[in-house]
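Read through the structure below, which is laid out as structure tokens, and then see the notes.
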Amino acid sequence: MSMLKGILSTGIAAVAALAMGSAAGATVIHVGGATTGAPADAAYVFDLTNGSTPFSPIITARYSADYGAHVGTQAVDDSFVFTIPQNGLGSGNFSTSFTVTSNEFKLTDILFNGQSYFGQVTVGTHGWSLSIDDPLPITANMLNTLEIMGSVKGINGYSGNLTFAAVPEASTWAMMFVGFGAIGAGYRRRRTATKVAMA
């Protein structure tokens with residue numbers, strides 16, 4: 001797991017200033033929960049898990065934020081930044097809940113790599129939720145950002161997951177098609193040879 005975190009964290013320190021510059025005043029959360037610009041009363045979790053190697057076909061990101069009690073309403077602009085070592089397509093979810101409006105998180109926008117998904121948010125009596133089924137494209141070793149914007153009052157927070165499945169590169173697809181072709185040709189030759197032997 002430490003090897004995965006090392007690979008996923010590579011280059012993030014160098015681009016953190018860029019990520020912060022694009023979202024002035026934002027809190028930036030890195031893999032492992034390390035933050036810059038975090039409010040004193042906030043606690044973040046941001047973990048990536050996968051199979052036995054960093055190049056597992058499926059990578060899952062778990063993220064959350066918890067805000068402590070404070071007076072009034074506090075603006076939220078959280079950016080979860082990460083890289084993964086493979087091209088992939090993802091999906092994800094987001095949710096928050098409250099029992100009384102004095103402890104409430106309101107979402108104003110949620111973006112993945114600059115693309116807003118706020119139009120898909122469901123507002124319920126006791127919380128906000130989002131399920132992103134549209135493929136989220138990921139490029140290997142490029143910085144990705146999940147940005148959550150809104151406001152919180154009282155004690156509240158949010159949580160969610162992102163899952164990325166590897167997409168084979170063009171050369172891998174080509175090798176697979178060549179392999180299928182070779183199997184098919186071998187099968188046809190075997191059937192022809194069998195017919196000749198029987199005649």
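Each residue of segment 29-42 was assigned a 3J(HN,Hα) from its phi angle through the Karplus curve 6.51 cos²θ - 1.76 cosθ + 1.60 (θ = phi - 60°); the sequence is 10, 9, 4, x, x, 5, 10, 10, x, 7, x, 4, 9, 10 Hz, with glycine and proline shown as x. The local environment of Ala42, defined by Cβ-Cβ distances under 14 Å, has a net charge of -3 under the rule Lys, Arg +1 and Asp, Glu -1.
Taking the accessible area of segment 33-113, probe 1.4 Å, and keeping the other protein chains in place, the carbon and sulfur fraction comes to 57%.
Report the local net charge at Asp77: Lys and Arg +1, Asp and Glu -1, summed over other residues whose C-beta lies under 10 Å from its C-beta.
Values: positive: none; negative: Asp78, Asp109, Glu147.
With Lys, Arg at +1 and Asp, Glu at -1, the net is -3.
Let's test this: bin the Cα-Cα distances of segment 40-173 at 5 Å from zero up to the farthest pair and state each bin's percent. With a bin width of 5 Å, the distribution comes to 2, 10, 20, 22, 17, 12, 8, 5, 2, 1, 0, 0.
Between Ala140 and Gln120, the modelled labels are 2.6 nm apart [label points 7 Å from Cα along Cα→Cβ].
Converting phi to 3J(HN,Hα) with the Karplus coefficients 6.51, -1.76 and 1.60 and the offset θ = phi - 60°, segment 111-126 yields 10, 10, 6, x, 8, 7, 10, 5, x, 9, 6, 9, 9, x, 4, 10 Hz in sequence order, with x at every glycine or proline.
The values are calculated or read from the model by the stated rules, or taken from the named source; none is laboratory data. As the structure is a computational prediction, the values presented were derived from the model and not from experiment. Cβ: placed from backbone, ideal geometry, glycine included. Neighbour counts: every protein chain shown. Heavy atoms of the whole protein, side chains included, go into the accessibility calculation; ligands, DNA and RNA do not. Shrake-Rupley method; radii C 1.70, N 1.55, O 1.52, S 1.80 Å.
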